[in-house]
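Some notes on the structure that comes next.
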Amino acid sequence: MPYRAPLSEFRFLLDQVVGFQQVAETPRFSDATAETVDAVLSEAGKLAETVLAPVNRSGDQHPARLENGVVRTSPGFAEAYGALAAGGWVAVSSSQDHGGMGLPITLSTAINDMFSGACLSLQLNPLLTQGQIEALEHHASDEIKQTYLPKLISGEWSGTMNLTEPQAGSDVGALRAKAVPNGDGSYAISGQKIYITWGDNDFAPNIVHLVLARLPDAAEGTAGISLFVVPKFLPDADGNPGLRNSLSVVSLEHKLGIHGSPTCVMQYDGAKGWMVGAPHKGMSAMFTMMNNARLGVGIQGVGVAEAAYQQALDYALNRHQGRTADPDQPTIIGHADVRRMLATMKAQVHSARAIGLSCAVAIDMATATGSPEWKARAALLTPIAKAYGSDVGVAVASEGVQIHGGMGFIEETGAAQFLRDIRITPIYEGTNGIQAMDLVGRKMADGGDAAFRLIGEIEAGAKAAREALPDLAGDVWSAAESLREATEALLAQGMTDRFAGAVPYLRAFALVLGAHFHLRSAMADPARIKLARIAIKRLLPDANGLMAQMREGADDLFALSAEDLAA
Ligand SMILES: Cc1cc2nc3c(=O)[nH]c(=O)nc-3n(C[C@H](O)[C@H](O)[C@H](O)COP(=O)(O)OP(=O)(O)OC[C@H]3O[C@@H](n4cnc5c(N)ncnc54)[C@H](O)[C@@H]3O)c2cc1C
């Protein structure tokens, strides 16, 4: 089943639901006219459909291999990446100073949605490069910017992100990689990093690693971490790849999914690197990259959910089995339970996509205006977009397998690949548990201001819809009120209790937000009322159960001791 880029959906969401117009009206993004947006999205959609989607199976069936220390990528990946880079798609939102298009992140988010729906394994490569570009733009010296940014932005070189070590996963502060000054402004980086996505490939003439490491005098924990740019080949006087740096790929991980994305164990043996940002401030510099990547990972969930949904719908329209309840539909789509699954999937994709795009709009507005409110909105929405988008990816891909029946479990339909591929997204870029803790901890450090402001907007939207759609608007308004009360209760809890309820709270917040966006869609286009009803009457009621869980705190969880759990 070929992937189809959901262009009209983007157009509708941007114009009617997530408020992209205000981004396009800022002087910073005045180039993002309706014509430009249409042209960019439709060209990206074409690339997704005709170049990336055709190599998706190849990546799954012929995983990247390590041969004599060099990663050999899956058949067709080099050509597909070449087309992606040649089209300028790596750097849609990068600054024009170094050759980027300077367009809003909202557009690159829509593009990432399509590219990951078409081929998640390959899309990871430009996603990480984009994050690295952003980190360098914000924190690197002019010399580093001039050496690396034009090549990364053009897609000639690719970028990676090196945080994880065997003993330092979620607890990044436990990392041990060392950086010793060479006395000439450079550093010697040593240590092992694991799980490094696209740590090497056979199509980019240079690969640029952003590596977290400790200076000799560094404090323990995250306060003692610095960030370094460490290229595979040291740029020569003309900026071209020169001497080989002392770093290598030790092995590739064998994974459940994303087989086409080489996940590398990297060894640094006194590799030459240069510091990005200030000493011991590596985490804040890396956070620029991680925040970008977090939204990107949430959107990967949406993109793969879209692809899994399209395929499941196609199967349901063609598979005959038994007599259906719908006389016009003799295939399994005529069965109520299959219809339930498809309707739920479609409603979830719409919610998660709207949340991701509204997070991107907030990031763009923060960039364009510098307004603290927009910054706080972007910060609040980032963990929700990451966790909900990736959870929806897994849920929809799993339901996609279910709709295929036994054929879903058989590899040849591709339904199983979507589920295997997307399963990583709730884990990497900070597990969804860590995202939820970020939401109830750091993102509530303002006393809940940003959350209450957003809840206020949801309530105002529901009030405005009350006359036209009283039933649906009433439910959204009540859910927003319950969320307000739950947020007040959360703020009164101690941190351990908050953390115990963090995941249910984040999911409840996402359901209320999703219902809010569905209501807006229904108000803008009566044809969308039917889908909004699914979201509001079938998905939203779960929010109450989730908020009840959040109120339980941690006592009952810890009352069940480790011994009880083992009994
Ligand atoms: C395919 C793949 C690609 C990856 N790509 C990269 C990459 O490019 N660069 C990179 O640096 N890393 C990468 N990672 C690493 C990834 O980000 C980590 O796996 C992830 O952050 C989790 O760390 P961990 O695996 O050590 O799990 P752990 O930290 O051991 O977590 C195990 C479980 O404990 C929970 N947990 C841990 N700490 C806490 C806490 N304080 N409170 C509550 N719960 C907690 C977690 O949520 C999780 O459920 C990749 C991983 C994979 C599998």
Rounded to whole Hz, the Karplus (6.51, -1.76, 1.60) HN-Hα couplings of segment 334-346, x for glycine and proline:
x, 7, 4, 5, 5, 4, 4, 5, 5, 5, 5, 4, 5
Give the whole-number value, in cubic angstrom per residue, of the convex hull volume spanned by the C-alpha atoms of segment 434-567.
107 Å³
Non-local amide H neighbours of PHE233 (under 5 Å, H modeled in plane, Pro and chain starts lacking H): which ones?
ILE207, ASN245
Gain upon complete extension [HIS320, GLU411; 0.36 nm per residue less C-alpha separation]:
30.7 nm
Compute the signed sum of charges (Lys and Arg +1, Asp and Glu -1) over the other residues within less than 10 Å, Cβ to Cβ, of ARG420.
-1
At 0.890 mPa s and 25 °C, Stokes D of segment 415-458 from Kirkwood alpha-carbon radius, µm² per second:
196 µm²/s
Three-way shape call for the chain based on the alpha-carbon gyration tensor, with the a/c threshold at 1.5
prolate
Over its alpha-carbon atoms, segment 511-567 yields an Rg and a Dmax in Å of 18.2, 56
Quick check: the angle from helix 282-318's long axis to the longest principal axis of the chain, C-alpha only, nearest 10 degrees?
50 degrees
Quick check on segment 391-470: take the gyration tensor over C-alpha atoms, sort the square-rooted eigenvalues as a ≥ b ≥ c, and tell me if it's rounded (a/c under 1.5), prolate or oblate.
oblate
Positive end of the charge dipole of segment 171-284 (Lys, Arg +1 and Asp, Glu -1 on Cβ, about the Cα centre): tell me which of TRP274, ILE196, THR222 has its Cα farthest that way.
THR222
Between ALA468 and ALA219, what is the label-point separation in nm under the 7 Å Cα-to-beta-carbon projection?
5.3 nm
Segment 393-442 versus segment 274-297: alpha-carbon centroid distance in Å
26 Å
Straight-line reach from LYS537: which lysines have a Cα under 28 Å away, not including same-chain ones fewer than 8 places off?
LYS346, LYS386, LYS463
Strictly greater than 19 Å: what percent of every Cα pair in segment 97-161 meets that?
31 percent
Calculate one ³J(HN,Hα) per residue across segment 95-109 by plugging θ = phi - 60° into the Karplus curve 6.51 cos²θ - 1.76 cosθ + 1.60, and present them in order as whole Hz with x for glycine and proline.
4, 5, 4, 10, x, x, 8, x, 8, x, 5, 4, 6, 5, 5
Residues whose built amide H sits under 5 Å from the amide H of ARG72, excluding neighbours closer than 5 in sequence, are ARG65, LEU66, GLU67
Ratio Rg/Rh, restricted to segment 177-289 and using Cα atoms, in which Rh is the Kirkwood radius
0.98
Give me the angle, in degrees from 0 to 90, between the Cα long axis of helix 470-492 and the longest principal axis of the Cα atoms of the chain, rounded to the nearest 10.
50 degrees
Over segment 47-120: Rg over Rh, Cα atoms, Kirkwood Rh
1.05
Which shape class, rounded, prolate or oblate, goes with segment 141-215 when its Cα gyration tensor gives a ≥ b ≥ c as root eigenvalues, a/c under 1.5 marks rounded, and past that a/b bigger than b/c marks prolate?
oblate
³J(HN,Hα) across segment 130-142 via Karplus (A = 6.51, B = -1.76, C = 1.60, θ = phi - 60°), whole Hz, x for Gly/Pro?
4, x, 5, 4, 5, 5, 5, 4, 7, 10, 7, 5, 4
So what are the radius of gyration and Dmax for the Cα set of segment 1-77, in Å?
18.1, 53
How much net charge surrounds ASP31 when only the other residues with a Cβ under 14 Å from the Cβ of ASP31 are counted, with Lys and Arg +1 and Asp and Glu -1?
-3
Helical mean residue ellipticity (222 nm; -39500 (n - 2.57) per DSSP H run of 4+; nearest 500) of the chain:
-17500 deg cm²/dmol
At each listed q (0.30 Å⁻¹), what is the log10 of I(q)/I(0) that the Debye formula gives for segment 357-403 modelled as equal alpha-carbon point scatterers?
-0.95
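Computed from the coordinates by the stated procedures, all read-outs in this text should not be read as laboratory data. Keep in mind that what you see is a predicted model, and the values were worked out from it rather than measured. For neighbour counting, all protein chains shown are included, and Cβ atoms are generated from backbone atoms with ideal geometry for every residue, glycine included.
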